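Readers should treat all values here as calculations from the given coordinates under stated rules, not as data from a laboratory. Predicted model only: the values in this text are computed from it and were never measured. Cβ atoms come from the backbone with ideal geometry, glycine included; neighbour counts cover every protein chain shown.
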């Protein structure tokens, strides 16, 4: 029994753990390999960053997790309001607003937010917040709408209120679809957060932008590889958790 449980856990979380190990290995050892290769690199390649990768990893994670968490909370509240009201016009309005937020270019959001929020993480987090709304709110509504009417009728027959149905039936049954929306939002934001370096935000966008400006592909790789591994990790961990 123990071996069976261990094998199931390994099968479910083995791949996310591998991505996490690769991610940690890269951010803590990439500079060591670059230093070893520096004698054979061109003079303008392999520059040393002022901020170490572990600090950039923390900054990137902070920007992505906080903005996405706030967006998920907002999306769940909006979808819950639509579900409780059973109002199709309200549903259409929420989806339209989310679609509009999704179509606004991220660079435009950041540029417009700089005069109000200043340079730093604020404009970037605002853009990530807006971009994560639509996938979560749309998937939450789709997951709840897919619940058979017979289940809702049975819940009403048992005397459950709409709020009780929402918490005890709708959210649990729609969980896989909701998790898929959160996974999509996280993956979008992990990559989109790199643009924030153009307005002084931290994260892995710093070496990417610096590498582009200095024509240093090593710096670009130092920032882009952990972004890729982070996106893979979130994708696999949410796929495993929604099973």
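For the chain, the spherically averaged projection of the C-alpha convex hull amounts to 17.2 nm². With a Förster radius of 51 Å applied to the beta-carbon distance between residue 168 and residue 107, the computed FRET efficiency rounds to 0.75.
Over region 82-159, what portion of Cα pair distances is larger than 19 Å, expressed as a whole percent? Tail of the P(r) past 19 Å holds 52 percent of the pairs.
Inter-label distance, residue 85 to residue 32: 5.7 nm, where each label sits 7 Å from its Cα along the C-beta direction. Largest mean-square fluctuation among 187, 208, 34, in a Gaussian network model of the chain whose springs join Cα atoms under 10 Å apart, belongs to 34.
Model label sites at residue 142 and residue 65, defined 7 Å from Cα along the beta-carbon direction, differ in position by 2.8 nm. Cβ-Cβ distance of residue 7 and residue 160, R₀ of 45 Å, FRET efficiency by 1/(1 + (r/R0)^6): the value works out to about 0.70. Computed from the alpha carbon atoms alone, the convex hull of region 126-165 holds 55 Å³ per residue.
Only helical runs count toward this figure. For the chain, summing -39,500 (n - 2.57) over DSSP H runs of n ≥ 4 and dividing by all residues gives -27000 deg cm²/dmol at 222 nm.
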